[in-house]
Amino acid sequence: MKKQDMIRLIAAILLGCIIGDILSTRIARADVVMDSSISPAYAFMPQNVYHNTIYKKAYGEVYLDKCKNPGTVVKIVVDKSAKTMQLLDVNGCVVKQYNVVTGKNPGPKQCDGDKRTPEGTYRIVEKRDSKYHKFLALDYPRAKDIKKAKELGCKPGDSIGIHAWIEGLPMNGSLGCIRVKTKEEILEVNRLVRVGTTVEILP
C-alpha cells in the first residue's frame, strides 16, 4: 500500500472514531428524546428538560433556562377564550395554571348585572375568607370602568374577584367573577398570590 493511501486510511479511521464518539454521547442515553418539530440542530434534548429549555449548538449541549424553578408569583393572566388562568413569576414563567370559568356572557364587563368579566389590567386588593372558601378581590371598577358605565347610563357593578366553585353555582358561567374548580385550587391560589399582584384579563 502506498504511503498516501495509508495516510488516507488512518485519517478515515480517526474521523470515524471521532464522529462515533460524538454520536454516542448525544444519542446512546436513556433520557434522550427526539422532537421532529424543532430544528434538527436542536433536536436532541434530555427528557427532564424537554420543556422550558435553551440550546447550545456545540455537541448538542443543553442548558436549563430560567423556567426550571419558577419563582414568586408577580402576575396573573386570565384568558377568557381559553378558559385558563396562569400564575407567572417575574421572568414570565408559569408557576401554576388552572382551568377557570368566567362571565356567562362574552365581552368586557360594562354594567352591573351584565354577567360579564372585566377585561384589561387590574390588581388584587384584598384576600378574605368567604362562602367561596377564599375570595381574591380585584380593584374593579377602576376609573375607566366608571366612565364607561356612566356613558352607558348604568352602574359599573363591583365585587369582582377570583374564587372557587361551590354547590349551587352554575357550571357553565359566572356572574362576572373568575372561578377555579375546587376548594383546593383556591386555597393554593390564595397561598401563592399576594395582595398587589397584577391581573391581566384577556378577551
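Read-outs throughout are calculated quantities, based only on the coordinates presented, and are distinct from any laboratory measurement. Owing to the predicted nature of the structure, the values given are computational and were not obtained by experimental measurement.
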### Rg/Rh ratio calculated on Cα atoms of region 162-201 (Kirkwood radius)
0.99
### Task
Pull out a ≥ b ≥ c, the square roots of the eigenvalues of the alpha-carbon gyration tensor of region 132-188, then state rounded if a/c is under 1.5, prolate if not and a/b is larger than b/c, and oblate in the remaining case.
prolate
### Query
Using the Kirkwood formula over every pair of different C-alpha atoms, what hydrodynamic radius in Å results for region 75-202?
14.6
## Note on the structure
The base-10 log of I(q)/I(0) that the Debye equation returns for region 67-135 at q = 0.20, 0.21, 0.24, 0.25 Å⁻¹, one scatterer per C-alpha, is -1.01, -1.08, -1.21, -1.23
